[in-house]
Amino acid sequence: MARRPKQQVTIIDVARELGLAPSTVSNALRGKPEVAPDTRARVFAKCEAMNYVASPVARALRVRCSFTIGVLLPDISNPVFGDIIKGLDGVLAPAGLATLLASTENGQGRLLTAARTFIQREVDALVMISQPVEGEGMDELLDWDGPILVIHRRTPKAALDYVGMDNVGGAEAAVRHLAGLGHRRIAFIEGPRLSSSARERLAGYRKAVQDLGLEADPALVCSGDYTLSSGFHAARRILAAERRPTAIVAANDLMACAVMDIAVHMGLTPPKDLSVIGFDDVFISSFPQIALTTVRQPAAEIGRAAGRRLLDRLSADATAPRDVVLPAELVVRASTGPAAIRPRPARKLTESDLEAHLRHRWRPTTEVYP
């Protein structure tokens, strides 16, 4: 006797078992914020118990979608981006959407090539994480008729959905923390100036310095580009100054770790001789050997917020792009302390000495580009 094919479980079946409306189950699976967390948890548990699987093929035929999202990020090994992807996928996967990833190494040429490939594959939307959204060739991409959501970096050239963190408020909180410890001369290492998030962090530093009446010496702001290498060189320049600061805020954790390493190499002991604060709170920042005070980026929540926003756009519940800015949190660890009353002089370190130090001790395999 031929075996009768097993009937597929539907949303209506799940809703009936839970005593909920089918629309509530659908909204829970799509990550809609109006569904209570406990209700969402019940829905996911029941779906798993009943082996409910969304049918992207049937839905695609009905609404003519591919149910894939193209995600462009500068470095696939960066833990910050990994957390964002986990949050994004945690919202999209239950709705039957798959994420396709491409690493651009922060290069505009690779960005455009990957974006064109995704568009040729008829993805339903693009997510650009920390990408250079201005420059030659970007007009072609921005003219695409599908939704584009940017994370970390905004562009004035087009109205796009944006999800990020409160960079200005985070930098202000870092400076206020140091001022509360008695620091008056606080340096800042910038991120790349093409990055809107880096510019916002610098603006927050400058605002706090002005509001608190701290030393506003232009020499206290040193250029960087979020890389470990730029952190090493910026730290040497700052700490070699005749009037060196008692604290440094770096625009990301990688440069902050470089500052701490160079400070020790120049005979200083953080935080006794130099307080250091970073940005992002990557996982190594909590290691006891580093214990970096930093401004935590809500990376997973940024990903979830981006996922919810994409579902809204794709379901036509929301068509006008908007900004979603999540709060930043200062995490205080052992790299900050009271300002030294009589700062010890730093040991001399020339540029050639630094290069020799880097050749023998550091071979970074990844960079960070918020």
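Here the chain carries DSSP beta bridges of which approximately 10% are antiparallel, counting only pairs with both residues inside. Protection proxy ranking of 112-119, 139-146, 187-194, by the mean of other Cβ atoms within 10 Å over each peptide's residues and highest first, is 187-194, 112-119, 139-146. Modelled spin labels at E48 and V264, positioned 7 Å past Cα toward Cβ, are 4.1 nm from each other. Placing +1 on the Cβ of each Lys and Arg and -1 on the Cβ of each Asp and Glu in the chain, which of I186, G231, V332 has its Cα farthest towards the positive end of the resulting dipole? So the residue furthest toward the plus end is V332.
Close amide H contacts of D161 (hydrogens built in the peptide plane, cut-off under 5 Å, sequence separation of 5 or more or a different chain): I148, V150, R322.
Sorting the segments 23-29, 39-45 by their mean number of nearby beta carbons within 10 angstrom, highest to lowest, gives 23-29, 39-45. The share of accessible area on the stretch 197-241 that comes from carbon and sulfur is 52 percent, using a 1.4 angstrom probe. Straightening the chain between Q120 and R347 buys 76.1 nm, computed as 0.36 nm per residue apart minus the Cα-Cα spacing.
How much of the accessible area of the stretch 282-343, in percent, comes from carbon and sulfur atoms when a 1.4 Å probe is used? Within the stretch 282-343, the accessible surface is 57 percent carbon and sulfur.
Might you tell me the accessible area per residue for the stretch 152-222, computed with a 1.4 Å probe and given in Å²? About 39 Å² of surface per residue is accessible. Put simply, the amide H of V295, placed in the peptide plane, has neighbours under 5 Å in G278, F279, D280, D281, V331, leaving out anything fewer than 5 places away on its chain. Residue ranges 275-287, 294-306 sort as 294-306, 275-287 when ordered by packing (mean number of other C-beta atoms within 10 Å per residue, highest first).
Summed over the residues of the stretch 244-364 and divided among them, the accessible surface reaches 46 Å² per residue at a probe radius of 1.4 Å.
In a reduced charge model with +1 at each Lys and Arg Cβ and -1 at each Asp and Glu Cβ, the chain shows a dipole moment near 700 debye about its Cα centre. The fraction of accessible area contributed by carbon and sulfur in the stretch 18-162 is 53 percent, rounded to a whole number (1.4 Å probe; ligands and nucleic acids excluded). Against the set (1) 24.0, 92; (2) 23.6, 79; (3) 21.2, 66, the structure's computed Rg and Dmax of the Cα atoms in Å falls on (1).
The values are calculated or read from the model by the stated rules, or taken from the named source; none is laboratory data. Quantities reported herein were computed from a predicted structural model and do not represent experimental measurements. Counting neighbours? That spans all protein chains shown, and the Cβs are built from the backbone with ideal geometry, glycine included. The protein model used for the area step is the full one, side chains on, heavy atoms only, and it has no ligands, DNA or RNA in it. Shrake-Rupley method; radii C 1.70, N 1.55, O 1.52, S 1.80 Å.
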